[in-house]
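Input: a single structure, listed below in structure tokens.
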């Protein structure tokens, strides 16, 4: 039995799944993550900020594309949580 | 002393600003939302020049090593004291050892934290404001970091303000997703073609993700400039002019592609046509806006802009009277 929860954007900016264009995504679909794991970067005010997961579980999907502009509070990823 | 446990996203020490050095390239800096900042100072009995903390999207977690009265204004946000929510726009008593923690802004962008006495950093060129680009003023000329320790000024004589003193709803800032922003005509407004002059005040513009204390980029329809032979000394793009001074609030449109509004850490001069200037009271409003919120520009006269500025000053005097009367 599992449920899904969303990780929300803590501030507006540009969403990146990689620390630099050539590297692998910080987390992959299906990957198990813990609270505090860095799942993405958001570029805001010419600085990059880590988005840490607020949820423990399995990455079900990313709701935005790499490089998309995101609004504050927008869903970034769906995480399957074990009940 | 106050210890910075977590600094938040972009937290700086600011006051009203650093004036008199614009001509040599130093913008005023100071609180982006001057009104909210001033109200926070009033609520703790500070003089209007006292330094406050300005937060951006996500504020800090602070541990107080002394008793203090504080007030928080600006963006809508959940703020807790030892885990219990405290009201904004209200004077609050903090005891030694308590921890003040900001959540993320819910509406708006910036919060102002005033502490009785004001934050004591060394004034630089007459101001405690941080100008990060030049590593000047504030706390070591930079944004706060974990472990920083903020000193509270003790030698000033703050007015007594009753704890729990609350600013009425209609005198608070209400962030909205769309705002009318008033502008006065710029020195180079005539370089926009007539259609673009009309477009500037009729079509909405969207705040982009590139928006900070130096400038806000806004996206909207393409603006075009009158055809002319570029004068000697001007760049080749139609949006270029011979270098001139940029007022704070100046709107420019490099190549007509997007608007840049200069904010309180403005670039003080350059070679883009200055199309219009956002009036000072509406820079407060713009400072609380973020991607993907929208603005419409409304053209007003300089007299109206100055009138609105003096009305803001009067509103602050009324608030000070109100707060003092219930002390």
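Some points to look at:
- Selection from region B:233-253 of residues that are touching a residue at least 24 places away in the same chain (Cβ under 8 Å) and either assigned to a strand (DSSP E or B) or crowded, with 23+ Cβ neighbours inside 10 Å (or both): B:240, B:241, B:242, B:243, B:244, B:245, B:246, B:249, B:250, B:251, B:253
- Test: residue in region B:51-59 that is surrounded by 24 or more Cβ atoms within 10 Å (Cβ to Cβ) and over 27 Å from residue A:73 (Cβ atoms): yes
- Test for residue B:268: is it at pLDDT below 95 and either away from every other protein chain (no Cβ under 14 Å) or over 21 Å from residue B:305 (Cα atoms) (or both): no
- Of B:8, B:23, all but one fail to be surrounded by fewer than 24 Cβ atoms within 10 Å (Cβ to Cβ) and either within 14 Å of chain A (Cβ to nearest Cβ) or assigned to a loop (DSSP other than H, G, I, E, B) (or both); the exception is B:8.
- Filtered by the rule that a residue be within 14 Å of another protein chain (Cβ to nearest Cβ) and outside any strand (DSSP E or B), region A:1-37 gives A:9, A:10, A:11, A:12, A:36.
- Within region A:52-74, the residues that satisfy the criterion of being buried (at least 16 other Cβ atoms within 10 Å of the Cβ) and more than 14 Å from every other protein chain (Cβ to nearest Cβ) are A:53, A:55, A:57, A:58, A:59, A:60, A:62, A:63.
- Condition met for residue B:304 (within 30 Å of residue B:49 (Cβ to Cβ) and part of a strand (DSSP E or B)): no
The values are calculated or read from the model by the stated rules, or taken from the named source; none is laboratory data. Owing to the predicted nature of the structure, the values given are computational and were not obtained by experimental measurement. Neighbour counts are summed over all protein chains in view; Cβ atoms, including those assigned to glycine, are modelled from backbone coordinates with ideal geometry.
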